[in-house]
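**Q** I have a structure here, written as structure tokens, and I will follow up with some questions on it.
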Amino acid sequence: MTGLVIRRLAVGMFVLWGAVTLMFALLRMAPGDPATLMLGPDATSAEVDALRTELGLDRGVFAQYLTYLGQIARLDFGDSYRFNLPAMDVVLDRLQATVELTVTATVIAAVAGLTLGMLAGYRPNGRLDRTVSGLTILLQGMPTFWVGIMLVLLFSATLHLLPSSSVGTPQHMIMPAVTLSLPFTAIVARIARTSVVDSMQEPYVQTAYSKGLSRFQVLTGHVLRNSLTPVVTIIGLQMGALLGGAVIVENVFAWPGLGSLIVESVANRDYSVVQAAVLLIAAVVVVLNLLADLSYSLLDPRIRTGGNR
Amino acid sequence: MPHRRTIRRLTALTALLPVAGLAVGCSTTSGGDGDTSAFTVASPYAVQSLDPYGSAGAAIGTQLANQAVFNRLVKADATGQLGPDLAESWTPDADATTWTFTLRQGVKFSDGSAFDAEDVVSSFKRFTEGKNPNAGSFTGVTATAGADGTVAFDSPAPDPALPGKLTLFFVTASETPAEFPAKPVGTGPFTVANFTPGETLEMAPNAAYFDGAPKLQKLVFRQIPEISSRMTALANNEIQATWGVPDDQLAGLQGNPDVKVETVASTSVYTMWFNSGRDSLSDATVRKALWQAVDFNTIISSLYPQTGQPSDSVLAPPVFGHAAQTPVAYDPEAAKKALEEAGFDFSKTLQIQFSGAEYRQFVEAVAADLAKVGVKAEPAEKEAAVFLEDLLGMKWDINFQALSTPSFDAATNLGRLYPCSAKRTGFCDADLDKILAEAGSTADTTARQELYAQASTIIWDKAVGMYPMQVKIAYTWRSNVEGLAASPTYLPDFSTVTLS
Amino acid sequence: MTDVAEELAATAPPRPRRMRPLRWIPVAVIAVYVLVAVFGPLLVDYDPIATPLADRLKPPGASTAAGTALLGTDAVGRDVFAQVVYGARTSMTIAVLTVSVAALVGLTVGVIAGYTGGIVDALLSRSVDVLLAFPGIVLAIVVAGLFDRSLAVVVLALALTGWIAFARLTRGSALSLRERDWVAAARVMGVSWRRTMTRHILPFVAGPVVALATIEFGLVVLAEAGLSFLGIGLPPSTVSWGKTIAGGRDYLATAWWISTFPGVALALLVVSVGLLGDQFNALFRGRGRPGAANTRRG
């Protein structure tokens, strides 16, 4: 177990380094000069040059890269010129809103996805299975931004039941979270179904029946527990993807989260914020992967005991 | 059929979903609604910083917040007329190189400390040495504290527009630490209670405000980026005022008895410069012909029935130096003929650069009209950063901006942008240079007015750009709001607002 | 780490019923889209430059200067129906290009990694891990947002992560096939590795690759629309469903048709592609996945 953790941590560190390097390369290749941008239209070229020197933009790319690595290692992500604050502060400010949204969407997706998956996997190839299968395709195929807009059209513009966007009350959370959870629900449902179908064929399920347990008891007790492993894994893995997927949903509902921050910052060449936000997300993904791996071995007794059943 | 029951029970589980969602949703960040004593407004421009001297200091959002918390020396009213704020009066010397401001007496900062000339001097130093892009128009200007509460501003060259430009300068306490505080101390009508950059700014009234403490218990700026959401929020009384509302959204408010709408002429003019440095656009007859080819009146009445008005000059009416010019009539046949005679290359595509989705329809309509006379024009929507870089690098054919003059003085528009040395439009004219230089160095108001009128005529007639539309800003507020002072620069004043 | 396409390819849909006529619906729908994308622009007139302002915000069925606006007009008077038709071409073009690039790169990388093994394999696998640390379309947003708008940038931005699933699939197959008798025999007989690849390995993964490409196709269509919706990537003169949907956002209360119809078109295509992907998946499941278990890595 400890060996596994150390190995995973090493890989995680490598991935983070790669992510940092990739971001550095992308931002250096992009057109648009941050110094010009910060000083506005009336700055003289001498002023721009001075700022470029101050920001270290006049030095060689490799020297800049080394400095950059050094700064990241000290968790110094530079300042956001737009907010006039340390970039990571800006990012962390927005993180809370994204986490609230992501966690709510995950809870919805986990409950709905598991339920759907069990309904489908309970009678493989039955009518319900096909219906659920079609539903998951539908959930996955509908573009989230469009679903969001249609929800706004229905619940805000027409029925005046829910606020159309922004944060404030729990009601503000409903539409964004539901929208964000839809494709996630579909994935969880499909994984859960596969898993339930597999588990139902296990001998211990037959044993449970022979002990006189009802189908519901078998399903919620035995099968659910044993199908949980891949589902938990996928939830962990997909929560990272959700952080990224939230970009579009946040935009639709003007949710002041990381996603909208990234889009704004890219548009405004606020390099430091883009870096800080993307690296933070990458770090979260790495950690979630680590946790998913570990929970995998914790939840699955076969792995925990080293393969003996 | 046992499995039927199973399915029913599983379905019941599904019904629990919304409950789970709500439970988590309850942990969400709290906003300003539900609080009846609060006055919540949504500005079209986010408040990202409170620092008047930082790089975000020229942003409208920052200035809006600054105006609530700090004061200027002088401020402009809705018609562009300068009036006293922290200064009671100001006089230039003979050639307008030195302006002396007499400060208001007995003013206190919100922390109780007294306001004096030293605060002005140290603030001005911070301002000009800081990263605020507006500081660029004060190069070489110094402030010195004089006797009996006066401050003298010395410029290296005559600067008749200085008082107008100082409407962009906010005064903070000289004790303000170098790292600008999250809750700064000012002399203004409100004090900062809570600030989340880019999201919300909550303010409380400053009981010691020299112009009388505001009646509002609480003032909240909320950021709602989507215009349709702002409208919904206003209709649902989640916010009580917003402004910069586009025409298409105003339509939805008509007939709502709870909402009032008022439009104010702004200092903005839709400005579409031609890059006179391009061979194809160096000829004034070509530029004028392109202008003639666009049916701006139809575009304006279709897209901006309430917030647009055909412009009669390079400058907007509230700006000092505004002088009406001869309208350019829409005449596609004459335009086409003139272009052909001038040997215009119809195979070349002209790029119309702009930044901001709100201008997309307008620019597309202009391009469509140009296409009708055979001129290929391509709307190019640029991100703010790239737009600015291209603008300054003259990497454009036609450039669209809603160009405002926040100082209310032609000096910071015509005087700043049109001399040959400014290199902003590719246009260079010796006569214009002379007129602008003269206008920039005399303190005589009548003479300046006359000179800027002459300059406007040259710029207009030589079609340095197209100046199709004056912008009016639509302000909307709930009908229980009184005393909201609408502003031509997107900076409404809330210090006199009362709620009934 | 993993991505959505792989996750979907790894789940088993219900077994399709034999001889079910409904099976052909997705194929028929996709065929219609292909026809519309190819021939629609020849039949439907649309000028992305003209702005018939007099016809702006007309409801579906209203008559305009250009005829009848079947699905209404947008905020500058352009026909929404025509935008749906031209948008189909944009979406299909980008999806076909992206999936082709992704599949080509993925197959090459996967085969090389799986067949060569060792340090090359390790390096490639780690690069994949790095790319997968950027979830969803974050990386595409950054890439497409930073560079000048063009179709090529959008394709590159989307293919940047799209190739991964293909690479893993082929790598897994190549890895396990390497040791199979006939491949080993070919190697011993001195058959060049490129020939071994094309003759003995690629045919084996063709089925699963088609299934994966179908899934990927749907995801790319969605992602492109998402980017366009955010105003990133495509130049203004290119018609895209995402762009039209975004353009209608401010008019939901007064002109619901602008955002609604392109979204229906988009969803119908992606759902049909998804159903087809499931059919492929069921068809090819089990084939070409001997090494699938080895491809999953943290």
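**Q** Please specify each residue of the stretch B:385-414 satisfying the condition of being crowded, with 22+ Cβ neighbours inside 10 Å and part of a loop (DSSP other than H, G, I, E, B).
**A** B:TRP396, B:THR405, B:PRO406, B:SER407, B:PHE408, B:ASN413
**Q** Of C:THR108, C:THR68, C:THR64, C:THR98, which residue is away from every other protein chain (no Cβ under 12 Å), modelled with pLDDT of 95 or more and either open to solvent by 50 Å² or more (accessible area, probe 1.4 Å) or at negative phi (or both)?
**A** It is C:THR98.
**Q** Restricting attention to the stretch C:164-187, does a residue exist that is within 14 Å of another protein chain (Cβ to nearest Cβ), in a helix (DSSP H, G or I) and among the aliphatic types (A, V, I, L, M)?
**A** yes
**Q** Out of the stretch B:55-107, which residues are among the β-branched types (Val, Ile, Thr), open to solvent by 10 Å² or more (accessible area, probe 1.4 Å) and more than 14 Å from every other protein chain (Cβ to nearest Cβ)?
**A** Keep residues of the stretch B:55-107 that are among the β-branched types (Val, Ile, Thr), which gives B:60, B:62, B:69, B:74, B:79, B:91, B:97-98, B:100, B:102, B:107.
Next, from what is left, pick out any that are open to solvent by 10 Å² or more (accessible area, probe 1.4 Å): B:60, B:79, B:91, B:97-98, B:100, B:102.
B:THR79, B:THR91, B:THR97, B:THR98, B:THR100, B:THR102 - these are the residues of the stretch B:55-107 that are among the β-branched types (Val, Ile, Thr), open to solvent by 10 Å² or more (accessible area, probe 1.4 Å) and more than 14 Å from every other protein chain (Cβ to nearest Cβ).
**Q** Scan the stretch B:465-482 and give yes if some residue there is of a type in the set (Ser, Thr, Tyr), over 17 Å from the mean Cα position of the chain (by Cα) and within 30 Å of B:PRO257 (Cβ to Cβ), otherwise no.
**A** Yes, some residue in the stretch B:465-482 is of a type in the set (Ser, Thr, Tyr), over 17 Å from the mean Cα position of the chain (by Cα) and within 30 Å of B:PRO257 (Cβ to Cβ).
**Q** Here is a further query. Looking at the stretch A:158-185, which of its residues are of a type in the set (Gly, Ala, Ser), at the interface with another protein chain (Cβ under 8 Å from one of its Cβ atoms) and either in contact with a helix residue (DSSP H, G or I) (Cβ under 8 Å, 6 or more places away or on another chain) or farther than 30 Å from B:GLU238 by Cα (or both)?
**A** Across the stretch A:158-185, the qualifying residues are A:SER164, A:SER165, A:SER166, A:ALA177.
**Q** Looking at the stretch A:264-285, which of its residues are in contact with a Leu (Cβ under 6 Å, 6 or more places away or on another chain) and at pLDDT below 85?
**A** Listed by number, the residues that qualify are A:ARG269, A:TYR271.
**Q** OK, next. Please tell me if B:LYS382 is more than 26 Å from B:SER421 (Cβ to Cβ) and open to solvent by 10 Å² or more (accessible area, probe 1.4 Å).
**A** no
**Q** Hey, another quick one. Take the conditions under 30 Å from C:VAL220 (Cβ atoms), more than 8 Å from every other protein chain (Cβ to nearest Cβ), in a helix (DSSP H, G or I) and open to solvent by less than 10 Å² (accessible area, probe 1.4 Å) and apply them to A:VAL188. Does it pass?
**A** yes
**Q** Can you work out which of the residues in the stretch C:117-152 that are within 11 Å of another protein chain (Cβ to nearest Cβ) and β-branched (Val, Ile, Thr) is most open to solvent (accessible area, probe 1.4 Å)?
**A** C:ILE137
**Q** Could you list, in sequence order, all residues of the stretch A:124-149 that are among the aliphatic types (A, V, I, L, M), open to solvent by less than 40 Å² (accessible area, probe 1.4 Å) and in contact with a Gly (Cβ under 9 Å, 6 or more places away or on another chain)?
**A** Listed by number, the residues that qualify are A:VAL132, A:ILE137, A:VAL147, A:ILE149.
**Q** Go through (1) of a type outside the set (Gly, Ala, Ser); (2) without any contact (Cβ under 8 Å) to a residue 24 or more places away in the chain; (3) open to solvent by 10 Å² or more (accessible area, probe 1.4 Å) and name the single condition B:LEU417 misses.
**A** In the conditions (1) of a type outside the set (Gly, Ala, Ser); (2) without any contact (Cβ under 8 Å) to a residue 24 or more places away in the chain; (3) open to solvent by 10 Å² or more (accessible area, probe 1.4 Å), B:LEU417 misses (3) alone.
**Q** Kindly check whether there is at least one residue in the stretch A:96-103 that is at the interface with chain C (Cβ under 9 Å from one of its Cβ atoms), out of contact with any Leu (no Cβ under 6 Å at 6 or more places or on another chain) and free of Cβ contacts under 8 Å to residues at least 40 places away in the same chain.
**A** No; the residues of the stretch A:96-103 include none that is at the interface with chain C (Cβ under 9 Å from one of its Cβ atoms), out of contact with any Leu (no Cβ under 6 Å at 6 or more places or on another chain) and free of Cβ contacts under 8 Å to residues at least 40 places away in the same chain.
**Q** Can you pull out every residue in the stretch A:104-143 that is assigned to a helix (DSSP H, G or I) and at the interface with chain C (Cβ under 8 Å from one of its Cβ atoms)? Give the derivation first.
**A** So the first thing to find is which residues in the stretch A:104-143 are assigned to a helix (DSSP H, G or I), and the list is A:104-122, A:127-141.
Across the stretch A:104-143, the qualifying residues are A:ALA120, A:ASP129, A:ARG130, A:SER133, A:GLY134, A:ILE137, A:LEU138, A:GLN140, A:GLY141.
**Q** Here's a follow-up. For the stretch C:40-149, give me every one of the helices (runs of 4 or more DSSP H) that falls completely inside it and has 1 or more residues that are among the acidic types (Asp, Glu).
**A** C:118-132
Conditions (1) assigned to a loop (DSSP other than H, G, I, E, B); (2) surrounded by fewer than 20 Cβ atoms within 10 Å (Cβ to Cβ), marked per residue:
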| position | (1), (2) |
| --- | --- |
| A:ALA10 | no, yes |
| A:ALA50 | no, yes |
| A:ASP58 | yes, yes |
| A:PHE62 | no, yes |
| A:GLY70 | no, yes |
| A:ALA97 | no, no |
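**Q** Can you pull out the residues in the stretch B:38-48 that are over 16 Å from the mean Cα position of the chain (by Cα) and either at pLDDT below 90 or among the β-branched types (Val, Ile, Thr) (or both)?
**A** Hits for the stretch B:38-48 are B:ALA38, B:THR40, B:VAL41.
**Q** Name the single residue, out of those in the stretch A:254-271 being more than 7 Å from every other protein chain (Cβ to nearest Cβ) and under 18 Å from C:ALA223 (Cα atoms), that is surrounded by the most Cβ atoms within 10 Å (Cβ to Cβ).
**A** A:GLY259
**Q** Starting from residues that are within 10 Å of chain A (Cβ to nearest Cβ) and not in a helix (DSSP H, G or I), keep the ones in the stretch C:228-266 and report whichever is farthest from A:HIS160 (Cα to Cα).
**A** This residue is C:ILE232.
**Q** Mind listing whichever residues of the stretch A:150-185 are open to solvent by less than 30 Å² (accessible area, probe 1.4 Å), of a type in the set (S, T, N, Q) and closer than 17 Å to A:THR104 by Cβ?
**A** Once the filter is applied, which keeps residues that are open to solvent by less than 30 Å² (accessible area, probe 1.4 Å), of a type in the set (S, T, N, Q) and closer than 17 Å to A:THR104 by Cβ, the stretch A:150-185 yields A:SER165, A:SER166, A:THR179, A:SER181, A:THR185.
**Q** Based on what the data block shows, is B:ALA251 surrounded by fewer than 24 Cβ atoms within 10 Å (Cβ to Cβ) and either out of contact with any strand residue (DSSP E or B) (no Cβ under 6 Å at 6 or more places or on another chain) or acidic (Asp, Glu) (or both)?
**A** yes
**Q** Would you say A:VAL90 is in contact with a Lys or Arg (Cβ under 9 Å, 6 or more places away or on another chain), open to solvent by less than 30 Å² (accessible area, probe 1.4 Å) and either facing another protein chain (nearest Cβ under 7 Å) or outside any loop (DSSP other than H, G, I, E, B) (or both)?
**A** Yes; evaluated as a whole, the condition is true for this residue.
**Q** Starting from the stretch B:114-138, take each residue that is more than 10 Å from every other protein chain (Cβ to nearest Cβ) and list its partners that are in a helix (DSSP H, G or I) and basic (Lys, Arg), counting only C-beta distances under 8 angstrom and pairs at least six apart or across chains.
**A** Note: pairs meeting the criteria are B:PHE138/B:LYS165.
**Q** Then there is this: Restricting the first residue to the stretch B:433-448 and requiring it to be assigned by TED's automatic domain parsing to the domain that holds B:LEU162, which pairs with a second residue that is at pLDDT below 95 and hydroxyl-bearing (Ser, Thr, Tyr) meet a Cβ separation below 8 Å and a spacing of at least six or different chains?
**A** none
**Q** Taking the criterion of being open to solvent by 20 Å² or more (accessible area, probe 1.4 Å), under 30 Å from B:VAL366 (Cβ atoms), assigned by TED's automatic domain parsing to the domain that holds B:ASP283 and not in a helix (DSSP H, G or I), would at least one residue in the stretch B:456-463 satisfy it?
**A** Checking the stretch B:456-463: at least one residue is open to solvent by 20 Å² or more (accessible area, probe 1.4 Å), under 30 Å from B:VAL366 (Cβ atoms), assigned by TED's automatic domain parsing to the domain that holds B:ASP283 and not in a helix (DSSP H, G or I).
The values are calculated or read from the model by the stated rules, or taken from the named source; none is laboratory data. Source: prediction; values computed, not measured. Here the Cβ is made from the backbone with ideal geometry for all residues, glycine too, and neighbour counts use every protein chain on show. We work out accessible area using only protein heavy atoms, side chains counted, and drop any ligands, DNA or RNA first. Shrake-Rupley method; radii C 1.70, N 1.55, O 1.52, S 1.80 Å.
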